[in-house]
Amino acid sequence: MIVVDTSVWVASLRRGRAPETEILRALLDADEVALAAPVRVELLSGASNADRATLRRALSALPVLYPSTDTWMLVDAWIDRAGRRGSRFGLGDLLIGALASEIGALLWSLDADFERMESLGLLQRYQP
C-alpha cells in the first residue's frame with residue numbers, strides 16, 4: 001500500500017502530463033493507494049467550487065486513513081525523536097507520515113520533509 005501525499009496529487013491534477021501522473025494512475029488502477037485524511041482535506045479545500053464534488057466522488061473510491069489515539073501517540077513520540085536529532089516537522093506532515101507508518105505503507109511525496117523523516121527512521125518512502 002502507498003499513501004500518496006498532497007504534493008503528488010497536486011502535481012498530477014494540475015499538470016496532467018507530470019511524470020507522476022502515469023505512475024499514480026497505475027497505482028490507482030492496481031488498488032495500491034490509500035488516502036490519509038489530512039491529504040483528503042487539503043485536496044478538497046484547494047479544489048474550486050466547480051470541481052469539488054467531482055473530486056470528492058473520485059476520492060471516495062479510496063480507503064481513507066483516519067487518526068486514532070495510537071496515531072497521536074506515535075506523532076508525539078516522533079516529535080521527541082526528531083527533536084533530539086535537531087529536526088522539526090509540521091503537524092500535517094507528522095500526521096500523514098504516522099498514518100502511513102501505522103499500516104506499514106510507503107509514503108509517496110515530493111516534499112523534502114518526508115525525506116528527512118525517512119532519514120530519521122520514522123517512515124519509508126515510495127520512490128518510483
Inset, instruction - With 10 Å bins from zero, work out the P(r) of the stretch 1-68 over every alpha carbon pair and list the percent per bin. - result: 21, 57, 21, 1
Legend entry - Estimated distance in nm for a label pair at Arg85 and Ser68, the labels positioned 7 Å out from Cα along Cα-to-Cβ: 2.6
Inset, instruction - Calculate for the chain the 222 nm mean residue ellipticity that helices alone would give, adding -39,500 (n - 2.57) per DSSP H run of length 4 or more and normalising by residue count, nearest 500 deg cm²/dmol. - result: -18000 deg cm²/dmol
Inset, instruction - Specify, per residue and in Å³, the volume enclosed by the convex hull of the alpha carbon atoms belonging to the chain. - result: 101
Legend entry - Where only alpha carbons of the stretch 57-119 are counted, the Rg and the Dmax (Å): 12.5, 42
Inset, instruction - In nm, give the distance between the simple-model label positions of Ser60 and Ala30, each being 7 Å from the Cα along the Cα-to-Cβ direction. - result: 2.8
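Every number here is computed from the coordinates shown, using simple stated rules; none is lab data. Keep in mind it's a predicted model, so treat the numbers as computed, not measured. Methodologically, a virtual Cβ is constructed for each residue, glycine included, from the backbone with ideal geometry; neighbour enumeration extends over all protein chains shown.
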